[in-house]
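S.K.: I'd like to ask you about the structure that follows.
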There are 2 protein chains.
Amino acid sequence: MNELGVHILMEFSDCSVETLDDLKRLEVVMEEAALASKATIIKSVFHQFAPQGVTGVVVVAESHLAIHTWPEHGYAAVDFFTCNTSMDYLKTYHYLVDKLHSKSPSYTTVKRGFIPQLKEADGV
Amino acid sequence: MNELGVHILMEFSDCSVETLDDLKRLEVVMEEAALASKATIIKSVFHQFAPQGVTGVVVVAESHLAIHTWPEHGYAAVDFFTCNTSMDYLKTYHYLVDKLHSKSPSYTTVKRGFIPQLKEADGV
């Protein structure tokens, strides 16, 4: 590997509408989701929109875990950026599938920060 | 369009090392970068790592703008998630290219939240 981070883009469709519009519940779920992959939480910021929808970011020592919800569409977009390229991010993903009650989840990964000399310099 | 958001993944290589490790400077730059695309700032959270590196997230009404820096590699990863699919995100991108003094920048966009019925239901 010669990338500095991995960015996991998660799509959660057909979710529980009630959960997607519940700021307090989402903050707990997102922090627990970060812990599921053994991330270290630094600080969380969550914001409720009117008439609906929540944005939340959990800043972690490994980078960030963010969520944006559209209750009216039963949809949530989550992205998990981690500088720990060996982190088991699927634990976070599966935890969110369960807690958001998503019947149509998916994810894709994007390698971030290709450093050509990283392999040789860091011995990885 | 039938997506709910656009996620712009920006790669900034060959940056000013000093800027990448300067939390106060980065917070100002990132907030100004958000404003350059007429985003509305809700709250910012920035964190300095030891021995180096900064993580910062600007939560905006349109979603979020986040940065993670590796001064030792002259590299910064930025991602800008916006639910305003007509936002001129290139203004944020070009502002950051300039302020981070990146000699090797690039970006890619990912459409988020495909809602098949959106086109018909919302008349877009």
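The values are calculated or read from the model by the stated rules, or taken from the named source; none is laboratory data. Quick caveat: nothing in here was measured; it's all calculated off a predicted structure. Here Cβ is always computed from backbone atoms with ideal geometry, including for glycine, and neighbour counts include all displayed protein chains. When the accessible area is computed, the model is the full protein with side chains, heavy atoms only, and any ligands, DNA or RNA have been set aside. Shrake-Rupley method; radii C 1.70, N 1.55, O 1.52, S 1.80 Å.
S.K.: Consider residue B:119 carefully, then state whether it is out of contact with any His (no Cβ under 8 Å at 6 or more places or on another chain), surrounded by fewer than 18 Cβ atoms within 10 Å (Cβ to Cβ) and modelled with pLDDT of 95 or more.
M.R.: Judged against the criteria, residue B:119 is not a match.
S.K.: Among the residues that make up the range B:65-73, is at least one of them in contact with a strand residue (DSSP E or B) (Cβ under 6 Å, 6 or more places away or on another chain) and not hydrophobic (A, V, I, L, M, F, W, C)?
M.R.: The answer is yes, given that some residue of the range B:65-73 is in contact with a strand residue (DSSP E or B) (Cβ under 6 Å, 6 or more places away or on another chain) and not hydrophobic (A, V, I, L, M, F, W, C).
S.K.: Can you confirm whether residue B:4 is open to solvent by 10 Å² or more (accessible area, probe 1.4 Å), within 16 Å of residue B:90 (Cβ to Cβ) and modelled with pLDDT of 95 or more?
M.R.: no
S.K.: Residue pairs, Cβ under 9 Å, 6 or more apart or interchain, first in the range A:37-57 and farther than 28 Å from residue A:88 by Cα, second in a strand (DSSP E or B) and of a type outside the set (S, T, N, Q). List them.
M.R.: Every condition considered, the pairs that remain are A:48/A:54; A:52/A:70; A:53/A:68; A:53/A:70.
S.K.: Please pick out the residue among B:113, B:56, B:74 that is open to solvent by less than 60 Å² (accessible area, probe 1.4 Å), within 20 Å of residue A:54 (Cβ to Cβ) and touching a Leu at 6+ places or on another chain (Cβ under 9 Å).
M.R.: B:113
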